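Trainee: Here you go, one structure.
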Amino acid sequence: MNDERRRLADLVVAATDGEISLEDALAAEVPFSALGMTSLGIMRLIDAIEDDFGIELDLTAEVPVALTQTVDSIAVYLAEVSAAGR
C-alpha cells in the first residue's frame, strides 16, 4: 500500500467518525455512500483533503464524483488536479 492511499483512507475514517473502517476504506470497490458515508461526511472529507494536501478544490459547479467513490478514485483525481496545476 502506498502512503497516499493510507493517508486518504485515514481521512475517510476521520470524516465518517469511524463509520467506515480503515480496512473498508482501503478495500472499497463501491461508493462511500454504500458504506454509510453521508453528504456531511463527504464535505468533511473534502475539507480534510484540502487541509491535508494543501490544495483548494474548485467545487463551484458540483462535487466531482471521484471524491465520493473510493480511495483509488480520489487518488486518481488528485493526481489529475496536480498535473493540471489547479
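The values are calculated or read from the model by the stated rules, or taken from the named source; none is laboratory data. Just so we're clear, the structure is a prediction, and the values are computed from it rather than from any experiment. Ideal geometry is used to build each Cβ from the backbone, glycine not excepted, and the neighbour counts take in all protein chains shown.
Trainee: Return a yes/no flag: does segment 41-55 have any residue that is out of contact with any Cys (no Cβ under 6 Å at 6 or more places or on another chain), more than 26 Å from G85 (Cα to Cα) and not in a loop (DSSP other than H, G, I, E, B). Steps first, answer last, please.
Mentor: Here is the first cut: in segment 41-55, the ones out of contact with any Cys (no Cβ under 6 Å at 6 or more places or on another chain) are 41-55.
Narrowing the set further to residues that are more than 26 Å from G85 (Cα to Cα) leaves 41.
With the extra rule that they be not in a loop (DSSP other than H, G, I, E, B), the set shrinks to 41.
Yes, some residue in segment 41-55 is out of contact with any Cys (no Cβ under 6 Å at 6 or more places or on another chain), more than 26 Å from G85 (Cα to Cα) and not in a loop (DSSP other than H, G, I, E, B).
Trainee: Please go through segment 61-75 and pick out each residue that is modelled with pLDDT of 90 or more, in a helix (DSSP H, G or I) and of a type outside the set (D, E, K, R).
Mentor: Those that are modelled with pLDDT of 90 or more, in a helix (DSSP H, G or I) and of a type outside the set (D, E, K, R): V71, S73, I74, A75.
Trainee: Right, next: Which residue pairs have Cβ atoms closer than 8 Å, lie 6 or more positions apart in sequence or on different chains, and pair a first residue in segment 40-55 that is of a type in the set (G, A, S) with a second residue that is at pLDDT 95 or above and not in a loop (DSSP other than H, G, I, E, B)?
Mentor: If the second residue must be at pLDDT 95 or above and not in a loop (DSSP other than H, G, I, E, B), the pairs left are G41/A15; A48/L11; A48/A14; A48/A15.
Trainee: Out of everything in segment 36-55 that is under 22 Å from D3 (Cβ atoms) and among the hydrophobic types (A, V, I, L, M, F, W, C), what residue ends up being surrounded by the most Cβ atoms within 10 Å (Cβ to Cβ)? It would help to see each step written out before you state the result.
Mentor: Looking only at segment 36-55, we keep the residues that are under 22 Å from D3 (Cβ atoms), and these are 44-55.
Cutting the leftovers down to among the hydrophobic types (A, V, I, L, M, F, W, C) gives us 45-46, 48-49, 53, 55.
On the way: L45: 24, I46: 19, A48: 16, I49: 21, F53: 16, I55: 12.
Ranking the candidates gives L45 first.
Trainee: Look at R5 and say whether it is of a type in the set (D, E, K, R), under 19 Å from A83 (Cβ atoms) and under 10 Å from the mean Cα position of the chain (by Cα).
Mentor: On the way: of a type in the set (D, E, K, R): yes; under 19 Å from A83 (Cβ atoms): yes; under 10 Å from the mean Cα position of the chain (by Cα): yes.
Against the criterion (of a type in the set (D, E, K, R), under 19 Å from A83 (Cβ atoms) and under 10 Å from the mean Cα position of the chain (by Cα)), R5 qualifies.
Trainee: Still on this structure: Of all residues in segment 8-27, how many are assigned to a loop (DSSP other than H, G, I, E, B) and under 27 Å from A84 (Cα atoms)?
Mentor: First, pick out the residues of segment 8-27 that are assigned to a loop (DSSP other than H, G, I, E, B): 16-21.
Next, only the ones that are under 27 Å from A84 (Cα atoms) stay: none.
Of the residues in that region, 0 qualify.
Trainee: Okay, moving on. Out of the residues in segment 25-35 that are more than 14 Å from R6 (Cβ to Cβ) and free of Cβ contacts under 8 Å to residues at least 24 places away in the same chain, which is surrounded by the most Cβ atoms within 10 Å (Cβ to Cβ)?
Mentor: Here the answer is L35.
Trainee: Can you work out which of the residues in segment 16-54 that are of a type in the set (G, A, S) and closer than 12 Å to V71 by Cβ is modelled with the lowest pLDDT? Even if it seems obvious, please write down each step before you answer.
Mentor: Initially, segment 16-54 is screened for residues of a type in the set (G, A, S), giving 18, 21, 25, 27-28, 33-34, 36, 39, 41, 48, 54.
With closer than 12 Å to V71 by Cβ added as a condition, the list becomes 25, 27-28.
Details: A25: 94, A27: 90, A28: 78.
Per the stated criteria, the residue is A28.
Trainee: Checking D58 against (1) assigned to a helix (DSSP H, G or I); (2) exposed (fewer than 13 other Cβ atoms within 10 Å of the Cβ): exactly one of these is not met. Which one?
Mentor: The single condition D58 does not satisfy is (1).
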